[in-house]
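Everything below concerns the one structure shown next.
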Amino acid sequence: MASRSNHIRMDAATRGGEIHYRQPSRRSSSDSGYGYSSAGAAALRGGPVRGGAVPGRKSGGWLIDFWSDCVNHAKTSRVDLTFLALIIIMLVIGVAMLYSASYPYAYYFNEGNGEFYLLNQLKWAVFGFVLMFAASCIPPRYFYKSKWMVFIFVFQFLLLVAVYAMPAKNGVHRWIIIGGFQFQPSEITKFAVILFCAWWCTRYKDYMNEALIGMMVPAFPVFLCIGLVAFERHASCAILLVLIFVTMMFMGGSHIGWFIALGVVVGAAVLLFSSNLDSLSKIPVFGGVFADRFGVYFDPFIDPQGKGWQNIQGLYAIASGGLLGQGISNSRQKYLYVSEPQNDFIFSVVAEELGFVGSVGILLLFAVIVWRGFTIAMSNPDRFQKLVGIGITAQIGWQVILNIAVVTKVVPNTGISLPFFSYGGTSLAMLMMEVGVLLAISRTSHLKKE
C-alpha cells in the first residue's frame, strides 16, 4: 500500500469538495493524452471517471461519453466572466458600427434594403454565440488527442484544395459554395494551425531547441497550408498565418536564433522587392498583386481613381473625424467613397464618426481583451491549453494590428478584416468559436474569475 501511494500525487484543483488524484501510467486508448490514466485515478478514489468510462461498467459509446464530459466540465467550473463581458461589449459595438458604416452601401446595391448587412451579421452573431457556448463546454484535452488533431488538420487541408473546384468570386477562389451557403476555409485554417502548433510544442517539448523538431518539421505542413492560401491570392490571411505560427513556436520554446534568421530573410526580401517592383511582378500567381499594392502604397495618387482609391478615401475619412468625430451615423465618406466600408476599411468610418478619442477607446478595449486572453492562457497549468490560449489571443491581436496598419497606410493594403467589426459570416462564427475555446480554457485557469 505504501509503495503504491508513492506513485499517487494530489491534483492542485478540487471540484465540489472532491479531491482528484492522478496516477502516472502508460498511455492507453482511453487516456486523455497528458500522461496519466483517468480510469486508474478513478479506481483509486473509488468513484467514476470524470471525462472517461467507469471501471467495471460498459461505456455508452464515445458520443455519450463526450456529452457527459462536456456537461461535467460546464457544471463543475466557471468561465472567466470578465473576458466574456469584454467580448460581448466589443461585439455589440462592432455590430452597431457595421450598421452605421454599411447602410448607404447596402441601400444602393441591395434595392433599398439598408439593413442587408446588419441582418446577415446578426444571424451569424447568434450562430457564433451558439458555437461559443458549445465550445466553452468542451474539455480542451479533446483537441490534444492525435486522432482529432489529424482529422481537423486534414479536413481543413481538403477544404483549401476544394476551393479551386468552386466558381471564382471577384476573380479569386476563396469560398466553398453549397447552394446559397458559402464560407471561407481559410478561417478554419487559422484555428487548425493554432491547434497543431500547440499539440506539437506539447508533445515534443523536450526537443524544441533542435532545428529539425523545433522548427523544420512542424513548418512543413503549416507552410503547405499557407501556400494554398497564398495561391488564393489571400495575402492577408497568409501573412496572419505566418505570424500565428511564429508566435506559437516562439512561445513553445523554439530557439530564438531561428526567428532572428527568419526576420533577416523576410526583411531582406521586402527591401529587395519593394525597391524593384518589376522583379516582384514576375513571381507567379501573386507577384503581380503584391507589386501593384507596393506601388500604390508608396504613392496612391499614381492611380487615384483606381488602385489608390480605397487608401485615399480611407485616409480622408480618418482625417475628417478630428478629435471627437462627426457623430455616429454622420460619416460622409461611407456614401460610396470608401469602397465596401463594411469590410476591411470599416475602421476608417469608425474614426470619422467617433474621432480620435473614440478610436483610441476601441483600440484600448482590444488591448484589454488581448491582455485578459494572455492572462487566462498563462495562468493555466496545462501546457497544451496554455499554448492554445496564446494562439487564439495572438490571432486577435495580430489581426487588429494588421487591419489598423493597413487602414492608416502604415503597411500596404492586404485586405484583412477587423475582428468583431468587419462584415463576414465565416470569420465571425469561427472567431466566436475560438473565443469559446478560450473560455473553456479559463475554466481550469488559476485566476480570479469575476
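Only the coordinates and a few stated rules stand behind these numbers; no lab work does. Computed from a predicted model, the values in this text were never measured in an experiment. All Cβ positions, glycine included, derive from the backbone under ideal geometry; neighbour counts span all protein chains shown.
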Dipole size in debye (nearest 20) for region 117-254 around its Cα centre, Lys and Arg Cβ +1, Asp and Glu Cβ -1?
260
Given labels modelled 7 Å from the Cα in the Cβ direction, how far is it in nm from W148 to L323?
5.3
With θ taken as phi - 60° and the coefficients 6.51, -1.76 and 1.60, list the Karplus ³J(HN,Hα) couplings across region 265-272 in order, rounded to whole Hz; mark glycine and proline as x.
5, 5, x, 5, 5, 5, 5, 5
Of K205, K386, K75, how do they rank once you tally other Cβ atoms within 10 Å and put the fewest first?
K75, K205, K386
Amide H to amide H, which residues 5 or more places from V172 or on other chains are under 5 Å from it, using H placed in the peptide plane?
none
Quick one: which residues, 5 or more positions from Y423 or on another chain, have an amide H under 5 Å from its amide H? H modelled 1.01 Å from N in the peptide plane, none for Pro or chain starts.
N343
Residues whose modelled amide H sits under 5 Å from the amide H of G308, counting only those 5 or more places away in sequence or on another chain, are D303
Taking the Cβ-Cβ separation of H446 and K75 as r and a Förster radius of 22 Å, what is the calculated FRET efficiency to the nearest 0.05?
0.65
Distance-filtered residues of region 235-261 - backbone nitrogen under 12 Å, label point 7 angstrom along A405 Cα→Cβ:
236, 239-244
Over 26 Å (Cα to Cα) - which of K190/K334; K334/K409; K169/K307 fall in this group
K190/K334
For peptides 361-370, 310-319, sequence by mean Cβ density within 10 Å, most packed first:
310-319, 361-370
